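Written out below as structure tokens is the structure these notes cover.
The values are calculated or read from the model by the stated rules, or taken from the named source; none is laboratory data. Because the structure is a prediction, the values reported are computed rather than measured. Here Cβ is always computed from backbone atoms with ideal geometry, including for glycine, and neighbour counts include all displayed protein chains. Protein only, heavy atoms only, side chains kept; ligands, DNA and RNA dropped before computing areas. Shrake-Rupley method; radii C 1.70, N 1.55, O 1.52, S 1.80 Å.
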Amino acid sequence: MDWERLKEQLESIGKGPVQLIAKTPEEWETLTRNAGKNNGDRQAVKKSSMLIGKEVYFLLSREGNEIHTLSIPAGNLAGDERHLVEWLIESAQPEKRQSGTLLLEEEKKLSALREWLLQHAETDSQAEVPDTISSQAGLYSTKIPFLLYGDYSSNIRASYRELKRLLETFFDAEIILIPLLDKEWLILAPDYLLTVGQEDKTDAQEESTEQMLDALASGLHDMLATEWVGESHLGVHYPIQPAQALLAAMLSLRSTIMLGRLYNVTNNIHTPWHLQMEKLLHPIPDSEKHQFLEHVLKDYSMDAETQSTLESFFALDCNVSETAKKLYIHRNTLLYRLDKFKNETGLDVRAFHDAVLVKLALVLYKVTKRK
């Protein structure tokens, strides 16, 4: 595995400095045991990540007498970003398979598809699923792809049988469930779900494809939050022909969830049409992101109230009255906040040019953690 590539990817999203460190099994066991005692964690040696001093160490692989690890300063990991890095490491290892026992004949049939997807994820994103696998898995009809990542404890084993039953009850339709990594599941639902309930609507009432997919994803996530094993992240893609585009859709969904978890930390549903700006800005070097923020916001330090106010204001098309209603504040209170921001930054978000600059700054502010 090319861990240097992963190191560069993590540094590109502002997690650096990232170090790759090789240790003997004895050194790693001693290090993690001592850290576990300090943190009151007796299972530290078995964990995929561990806080040791001011660094978070991530276990990459065990090869012979060497244990390969990756360390990131703990201060550079906010919220659930430690889990995000664990997922990125897991996703970068095509050889890591779901460890649960295959219980159903159907799941056994899908194992060839899972193996093929994981093997090609790092090599050829445009590859088409071989006909022998497509015919066995039933990939010739149009499907809506979802990617589900269970953000639950590693000690919990999610049941294929239970998850499939929940999904088919929710959709009221037969679905294809492909277990990928330990906590990662690819769901293929029939595309006719997008037309259910649309027949009686007028032209003015008809929803766009994106709105229907948003509604499906929202309902699915709500169901999983109450009926499944715990917290999860869910990505949804436009309908596809799986035999031709399943691998590309899976990789796109992985990228979408990564972007969503970086830029929209309060949201667990991630869609490409809501992350277009983030996708455009993400490849920009971290140093240039900082330079842009310095140029736009200068020495201004944005507090949580201002950030929430501005995000709501932009989400509601800069409508003062609607934003005040959403925030449960008086209209004059909102105007006061906007005027205060203008006086401190010189930027009036009610003017188009300044609003664009501040919107871009808000997106970048989340990942640069500018204090």
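Given +1 on the Cβ of Lys and Arg, -1 on the Cβ of Asp and Glu, and no further charges, what dipole in debye does the chain carry about its Cα centre, rounded to the nearest 20?
In total the dipole reaches around 1220 debye.
Students often check this: by mean Cβ neighbours within 10 Å, which of 133-139, 256-262 ranks highest, and how do the rest follow?
Answer by packing, highest mean first, reads 256-262, 133-139.
With point charges of +1 on the Cβ of Lys and Arg and -1 on the Cβ of Asp and Glu, referenced to the Cα centre of the chain, which listed residue (Ser301, Ser12, Thr169) lies farthest in the positive direction of the dipole?
Ser301
Per residue, how much accessible area does the chain have with a 1.4 Å probe, in Å²?
51 Å²
What distance in nm lies between label points placed 7 Å from Cα along the C-beta direction at Trp273 and Glu288?
2.9 nm
Multiply the residue separation of Thr209 and Thr123 by 0.36 nm, subtract the distance between their alpha-carbon atoms, and state the gained length in nm to one decimal.
Length gained, Thr209 through Thr123: 27.9 nm.
Say the dipole of the chain comes from +1 at the beta carbon of Lys and Arg and -1 at that of Asp and Glu; which of Tyr152, Ala121, Thr345 then lies farthest toward its positive end?
Thr345
Among 236-248, 160-172, how do they line up by average Cβ neighbours within 10 Å per residue, starting with the highest?
Descending packing order for the listed peptides: 236-248, 160-172.
Rank Leu31, Thr368, Val320 by how far each Cα sits towards the positive end of the charge dipole of the chain (+1 on Lys, Arg Cβ; -1 on Asp, Glu Cβ) and give me just the farthest.
Of the listed residues, the answer is Leu31.
Counting other Cβ atoms within 10 Å, which chymotrypsin sites (Phe, Trp or Tyr not before Pro) in segment 239-331 have at most 12 and lie in a DSSP loop?
For chymotrypsin sites (Phe, Trp or Tyr not before Pro) across segment 239-331 that sit outside H, G, I, E and B with at most 12 neighbouring Cβ atoms in 10 Å, the list reads Tyr328.
Where in the chain are the helices, taken as whole DSSP H runs, whose Cα atoms extend 30 angstrom or more along the long axis and whose Kyte-Doolittle mean reaches at least -1.0?
TM-like helix candidates: 242-263.
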